[in-house]
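Below: one structure, written as structure tokens.
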Amino acid sequence: MLRIVEHTATEFATTLRALEHRGEADLSAVEPAVRAILEDVRARGDAAVLDACERFERRRPAPLLKTFDGAAALARLAPAAREALELAAARIDTFHRHQLDRGFSYADGGATLGTRVRPVKRAGVYAPGGKARYPSSVLMAAIPARVAGVRDVVVATPLAGDATDDSLLAAAHLSGVTRILDAGGAQAIGALAYGTDSVARVDVVVGPGNIYVACAKRLVSGHVKIDGIAGPSEILVVADRTADARVVAADLLSQAEHDEQAYPLLLTDDAALAHAVALEVEAQLATLPREAIARASIERQGLALIVADRDSLAAVADRIAAEHLALHVAAPEALLERIDAAGAAFVGASTPEAVGDYVAGPSHVLPTGGAVRFGAPLGVYDFVTRTSVVKYDPATLVAQADAICAFARLEGLEAHARAVEVRTKR
């Protein structure tokens, strides 16, 4: 049953505080094992990756880096599935083209200043291959890279070697993926980050995975850029008396069925609605194919917080800083303006989170655990580098020389000052 906590309850403050710190997952338990795998991959390359695959995946892929016939895989799909993938790919591409940054340049007297933007050369996309395949995540992570101009996009995922791979290979084809790294886990992250004989080192690693993948991404950060450390997925449904309890319950369960650790959260200023939603959750759970997973999520992390008023809805939602924020309230746009921290906002009762998961267009790869306070959805900007460009003419350098030299000597850096004076005092 969905746990309900009212703002008048003694445990409200501690419950909210725990939610604020939900992202502080302890990776220390797996770090020694992950560090050993990464060090082995760095030292032995392909052999270490293959040994880890044999140990953890009970298989030894050959070759490790594969080309693939994604067009044939797409053709083998049922028409409805094929059309859904094609629709999603087109819409994701369209959305992310709006994120393209051309850089800028401007003249400031005799100085020319600007920023140059270039795509990275290679990107790695991790696609989980455990409990379920998510071709949508391949689309959502690889298409922004392709739009950015990345020429070599590698998807890391353990292939099953049968028709169950078709949806993933089709998604890779539609996303412009160049090759498949047939491995999962920390060993795949290590191969992407450090490079091996068969796998060229990438510049960016993105995509969600289990705790071993998350730990590996944290450990290789600095060798490569990463998109973040993904934790359990989450939804915060903010609802008032205008909300439909059946619809709210359905939204909560759409998140709960992801995995047992997912966070299905309700925030409302209407106690009657909270209790009605709790009953609806129980009724709808009984007919879900993934009932066991969804029920575990509801019982472990499911929560309905009841606050006093609309002002509190905004304030508490901002403190929770949810990955997915669904607004089932009157004047939802106005409330959204008062909530700064949210990964993806689904505005109004006609906008289920599922549209964002599949066909809306924005990437569904989002910060979790409150990291939206400083993070952002995966986008084109994750796959580019920026260079500051500075050009002075001689007269402008002379005009600013005294200020530059004074600043340098203020910091005790005489050679800095002399590097200016050797140009200006001849």
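Structure summary
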item	result
Residue in region 314-322 that is assigned by TED's automatic domain parsing to the domain that holds ASP270 and either modelled with pLDDT under 95 or within 15 Å of the chain's Cα centre (by Cα) (or both) present	yes
Positions within region 70-81 being surrounded by 11 or more Cβ atoms within 10 Å (Cβ to Cβ) and part of a loop (DSSP other than H, G, I, E, B), in sequence order	LEU77
Hits in region 327-359 (condition: hydroxyl-bearing (Ser, Thr, Tyr) and not in a loop (DSSP other than H, G, I, E, B))	TYR358
Qualifying strands (runs of 3 or more DSSP E) (wholly inside region 178-246; at least 1 residues being under 20 Å from ASP357 (Cβ atoms))	204-206, 234-239
Residues being more than 15 Å from ALA304 (Cα to Cα) and under 20 Å from the mean Cα position of the chain (by Cα) - total across region 323-333	2
Single match in GLY356, GLY379 (criterion: out of contact with any strand residue (DSSP E or B) (no Cβ under 7 Å at 6 or more places or on another chain) and among the small types (Gly, Ala, Ser))	GLY379
Residue among ALA18, ALA25, ALA29 that alone is among the aliphatic types (A, V, I, L, M) and either surrounded by 14 or more Cβ atoms within 10 Å (Cβ to Cβ) or touching a helix residue (DSSP H, G or I) at 6+ places or on another chain (Cβ under 6 Å) (or both)	ALA25
Of residues in region 103-149 being modelled with pLDDT of 95 or more and basic (Lys, Arg), the one nearest to the chain's Cα centre (by Cα)	ARG146
Single residue of region 254-289 satisfying the filter (among the hydrophobic types (A, V, I, L, M, F, W, C) and in a loop (DSSP other than H, G, I, E, B)) that is nearest to the chain's Cα centre (by Cα)	ALA262
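The values are calculated or read from the model by the stated rules, or taken from the named source; none is laboratory data. This structure is a prediction, so every number in the text was calculated from the model and none was measured. When we count neighbours, we look across all protein chains shown, and the Cβ atoms used for this are built from the backbone with ideal geometry, even at glycine.
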